[in-house]
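The values are calculated or read from the model by the stated rules, or taken from the named source; none is laboratory data. Worth saying up front: this structure is predicted, and the values here are computed from it rather than measured. Cβ: placed from backbone, ideal geometry, glycine included. Neighbour counts: every protein chain shown.
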Amino acid sequence: MSKVEDFLTKNEEQEIVNAIRTAEKNTSGEIRVHLEKETSLAPLDRAKEVFSILQMENTQNRNAVLVYVAVKSKQFAIYGDEGINNKVAHDFWDSTKDIMQVLFASKNQKEALVQGVLKIGEQLKQFFPYNKNDKDELPNEISKL
Ligand code: CA
Ligand code: CA
């Protein structure tokens, strides 16, 4: 199970995209999931790079969040843009990471990503509530390299 294509079934991918849509109904923030086989960097450093590659800083409130996964080693990171980091403590994502870690460890990668995305939406809501004029600023599809 070390290939990106084998990490999730099509149905599981769709469930994650649906979770992103649901989460983004709670918040003006934008959430993306990125999968790649592996990285030689620390997951958070690679997440920061991918965030930039995907041009996720292109949101009005700088409030996008990337969930990055290196599928071979099941390492992951949650990286939020500066609009979020200016408002939250450095351990803001720890409880979400804990939930995801447990699910990844029990080999339920789909549920790890669904639960992680939904929790991120709830967390963002406190600082970036949804408003009725909200735009879907970044694609909800899973990004892969
Ligand atoms: Ca939005
Ligand atoms: Ca979106």
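Of note:
- Within the stretch 51-69, considering residues that are of a type in the set (A, V, I, L, M) and surrounded by fewer than 22 Cβ atoms within 10 Å (Cβ to Cβ), the one nearest to ligand 2 (Cβ to nearest atom): LEU54
- Residue match in the stretch 28-45 (condition: at pLDDT 95 or above, within 16 Å of ligand 1 (Cβ to nearest atom), in a loop (DSSP other than H, G, I, E, B) and over 15 Å from LEU113 (Cα atoms)): yes
- Just one of the listed residues (LYS25, LYS74) is charged (D, E, K, R) and touching a helix residue (DSSP H, G or I) at 6+ places or on another chain (Cβ under 6 Å), namely LYS74.
- For the stretch 6-27, the tally of residues that are modelled with pLDDT under 95 and either part of a loop (DSSP other than H, G, I, E, B) or under 14 Å from the mean Cα position of the chain (by Cα) (or both) stands at 1.
- Test: residue in the stretch 94-107 that is within 16 Å of ligand 1 (Cβ to nearest atom) and over 21 Å from LYS3 (Cβ atoms): no
- Selection over the stretch 5-27 of residues that are crowded, with 18+ Cβ neighbours inside 10 Å and away from ligand 1 (no atom under 16 Å from the Cβ) gives a count of 4.
- Among the residues of the stretch 29-60, those that are over 15 Å from LYS144 (Cα atoms) and touching a residue at least 40 places away in the same chain (Cβ under 8 Å) comprise GLY29, GLU30, ASN58, THR59, GLN60.
- Breaking point among (1) among the charged types (D, E, K, R); (2) more than 22 Å from ASN85 (Cβ to Cβ); (3) exposed (fewer than 14 other Cβ atoms within 10 Å of the Cβ); (4) more than 16 Å from ligand 2 (Cβ to nearest atom), for ASP136: (4)
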